[in-house]
Amino acid sequence: NRRKKKDANVLEIPSIPNPFPELCCSPFASVLSASLLPKATSRKKQVIQVYSEDDTSRALEVPSDITARDVCQLLILKNHYIDDHSWTLFEQLTHTGLGRAIEDHELVMEVQSNWGMEEENRLYFRKYYAKYEFFKNPMSFFPDHMMSFSSETNAAISHSGILQMFLNSSTYPEIHGYLHAKEQGKKSWKKLYFLLRRSGLYFSTKGTSKEPRHLQFFCEFSNSDMYMSLTGKKISGAPTNYGFCFKPNKSGGTRDLKQLCAVDEQSRTCWMTAVRLLKYGMQLYQNYMQPYHGRSGCSPLNITPMRSISENSLVAMDFSGHRSRIIENPTEALSVAVEEGLAWRRRGCLRLNSHSSPTAMSNIAIHRSQSWFHHKISRDEAQRLILQHGLVDGVFLVRDSQSNPKTFVLSLSHGLKIKHFQIVPLEDDGKLFYTLDDGHTRFTDLIQLVEFYQLNKGVLPCKLKHYCARIAV
């Protein structure tokens, strides 16, 4: 009876849960603990090194599944930059002189896993204005003479229709034209007629014939990445400066590269854009549209800078008459703001001229503090910087002239070409001015000149839109 009472008392005591179930040896407990492990270990932290144009770098501890877009967003927030959706993470292969813009959805750790142990490759953080420009201006990217369509497709098709065909998995436009290809294991290049189809890239063994028996497979895109040549003819000995190549993932080195060279920049841009669309399809369009729809979640990586309430409540006012009025016309408000800025700058120059001579004024060189001014860089270096920022109409920088130390040069991208315009100093009645059109339009300093051509095309082929800057991370 005593034993029964003891057993009854024991049963009446409530059971205490084990605070450390993972230490239990029962198979049931081990299964429960194992099911919780992936959540804790799936996002391991790793350190990546990111460089900027001025060769400064920053080490970031990031999750192993972080995308290129999230790395850019993290650096934008840390440096308080404005997110205009043009910030891009670049991969640069130092040994081979190749580089590419990493797509926003790509995993950074997967990109680095393709690097060899002995290679000194780098990740760069910079702006790239041409990343999604083909969605905005497809006419510049797909010339008519490089495209053909199947017989079932209507011949009269718009450029927006061409993009829809690329994004559609059942149809495709065919890209064709001549390319220089480097022969495998040799230093020589051979000019061949290439065709780009959804199944891959082919070249014709007999002129421009498109018959299946004359087409030979060159490469496919699912297991390779496309790079642009950053060194032109120097390393590969290419016949032109418009080189690009396909590098297989986990390749053994330069011997596995499929190197090509286009006849001009328009041709290279068309080939590379078409390959991107064929490889990624709708994913590119989602990357392009994603910043405008906003990102879900409460992660700090998803925060985008917003304007303050006080800034949204500001209105343009006109105080020139007896009574003040609100300027409701946006065009009038913009012109008034420009006039006010120019008048303020003229008043500042008059104050300086009253205390300083023209020679002293020229030594102030206030333009040197501007992000678009690049001091004494060469013509080739200026072209390389603009190319890295994307050959979009209006990408520019200002630099010192190497041929004439007293003048400056405006380097500008237009029509997939880089053009250079000389800025000449002009002295009149003891005052120093700068001009681009032989004195017809004069400016007291380079800042005023740049601000004017950002609003007016003038003698330039287009307005100044995006400047190349050596940002720091």
Of (1) under 28 Å from the mean Cα position of the chain (by Cα); (2) surrounded by 17 or more Cβ atoms within 10 Å (Cβ to Cβ), Ser199 fails just (2)
Consider Gly237 against the criteria (1) on the phi < 0 side of the Ramachandran plot; (2) open to solvent by 30 Å² or more (accessible area, probe 1.4 Å): it satisfies all of them except one. Which criterion is unmet?
(1)
Looking only at region 380-399, decide whether some residue is over 18 Å from His466 (Cα atoms), among the charged types (D, E, K, R), loosely packed, with under 10 Cβ neighbours inside 10 Å and modelled with pLDDT of 90 or more.
yes
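Mind checking which residues of region 460-469 are open to solvent by 10 Å² or more (accessible area, probe 1.4 Å), in contact with a strand residue (DSSP E or B) (Cβ under 9 Å, 6 or more places away or on another chain) and in a loop (DSSP other than H, G, I, E, B)?
First, the residues of region 460-469 that are open to solvent by 10 Å² or more (accessible area, probe 1.4 Å): 461-463, 465-467, 469.
Now narrow it down to the ones that are in contact with a strand residue (DSSP E or B) (Cβ under 9 Å, 6 or more places away or on another chain): 461-462, 465-467, 469.
Those that are open to solvent by 10 Å² or more (accessible area, probe 1.4 Å), in contact with a strand residue (DSSP E or B) (Cβ under 9 Å, 6 or more places away or on another chain) and in a loop (DSSP other than H, G, I, E, B): Pro461, Cys462, Lys465, Ala469.
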Flag for Glu211 being open to solvent by 50 Å² or more (accessible area, probe 1.4 Å), in contact with a strand residue (DSSP E or B) (Cβ under 8 Å, 6 or more places away or on another chain) and charged (D, E, K, R)
no
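Look through Asn114, Asn121 and report the one residue that is modelled with pLDDT of 80 or more, open to solvent by less than 30 Å² (accessible area, probe 1.4 Å) and not β-branched (Val, Ile, Thr).
Asn121
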In region 402-416, how many residues are more than 17 Å from Phe443 (Cβ to Cβ) and either aromatic (Phe, Trp, Tyr) or surrounded by 16 or more Cβ atoms within 10 Å (Cβ to Cβ) (or both)?
4
List the number of the failed condition for Leu436; all other conditions in (1) more than 25 Å from Gly232 (Cβ to Cβ); (2) open to solvent by less than 20 Å² (accessible area, probe 1.4 Å); (3) aliphatic (A, V, I, L, M) hold.
(2)
Tell me which of these Ser160 doesn't satisfy, since it passes every other one: (1) open to solvent by 10 Å² or more (accessible area, probe 1.4 Å); (2) assigned to a helix (DSSP H, G or I); (3) at pLDDT 85 or above.
(3)
Of the residues Leu60, Leu75, which is modelled with pLDDT of 90 or more and under 22 Å from Lys131 (Cα atoms)?
Leu75
What tally of residues in region 47-95 results from selecting those that are assigned to a helix (DSSP H, G or I), over 16 Å from the mean Cα position of the chain (by Cα) and under 16 Å from Gln112 (Cα atoms)?
0
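Can you tell me which residue within region 45-79, out of those that are hydroxyl-bearing (Ser, Thr, Tyr) and over 15 Å from Tyr124 (Cβ atoms), is surrounded by the fewest Cβ atoms within 10 Å (Cβ to Cβ)?
Top of the filtered list is Ser64.
The values are calculated or read from the model by the stated rules, or taken from the named source; none is laboratory data. On a predicted model such as this, the values are computed, not experimentally measured, just so you know. When we count neighbours, we look across all protein chains shown, and the Cβ atoms used for this are built from the backbone with ideal geometry, even at glycine. Keep in mind that these areas ignore ligands, DNA and RNA; they rest on the heavy atoms of the full protein, side chains included. Shrake-Rupley method; radii C 1.70, N 1.55, O 1.52, S 1.80 Å.
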